[in-house]
Amino acid sequence: MDFNAACEKAKAFSKRPTDEEFLEFYGLFKQSTIGDVNVERPGALDLKGKAKWDAWNKHKGLSKDEAQKAYIATYEKYAPKYA
């Protein structure tokens with residue numbers, strides 16, 4: 001399975017993953033497509049924005065290829081539960 005196929009299949013999950021699982025996907029997706037976090041961390045009142053920024057920043061230094069492999073592995077881990 002390639003990265004794009006995993007992204008499309010993850011978007012088509014029949015049930016929504018938990019917030020923590022969603023952030024796992026989000027951080028790896030951003031690292032895969034953009035690379036290291038390139039924006040300032042949101043302010044104290046933006047809890048959702050901070051959680052997303054932290055999830056992305058957790059993968060800092062991971063190459064785009066490594067992040068894509070990790071995303072695919074994450075998809076395969078959760079697919080039986082949500083697909």
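Each reported figure results from applying straightforward, stated rules to the coordinates on display, with no laboratory input. Since the model is a prediction, treat every value here as computed from it, not as a measurement. Glycine also receives a Cβ, built like all others from the backbone with ideal geometry; neighbour counts cover every protein chain displayed.
Say whether the condition of being under 22 Å from residue 1 (Cβ atoms) and part of a helix (DSSP H, G or I) is met by at least one residue in the range 35-54. No, because not a single residue in the range 35-54 is under 22 Å from residue 1 (Cβ atoms) and part of a helix (DSSP H, G or I).
Taking residues in the range 33-51 that are farther than 12 Å from residue 62 by Cβ, and partners anywhere that are part of a helix (DSSP H, G or I), the pairs with Cβ atoms closer than 7 Å and at least 6 places apart or on different chains are 41/50; 41/53; 42/49; 42/50; 42/53; 51/23. Number of residues in the range 29-50 that are surrounded by 17 or more Cβ atoms within 10 Å (Cβ to Cβ), closer than 27 Å to residue 14 by Cα and of a type outside the set (Lys, Arg): the value is 3. For first residues located in the range 8-26 and within 12 Å of residue 52 (Cα to Cα), partners that are among the acidic types (Asp, Glu) and assigned to a loop (DSSP other than H, G, I, E, B) and lie 6+ apart or on another chain with Cβ distances below 6 Å do not occur. Assess whether residue 76 counts as being among the charged types (D, E, K, R), part of a helix (DSSP H, G or I), in contact (Cβ under 8 Å) with a residue 40 or more places away in the chain and closer than 14 Å to residue 6 by Cα. It is true that residue 76 is among the charged types (D, E, K, R), part of a helix (DSSP H, G or I), in contact (Cβ under 8 Å) with a residue 40 or more places away in the chain and closer than 14 Å to residue 6 by Cα.
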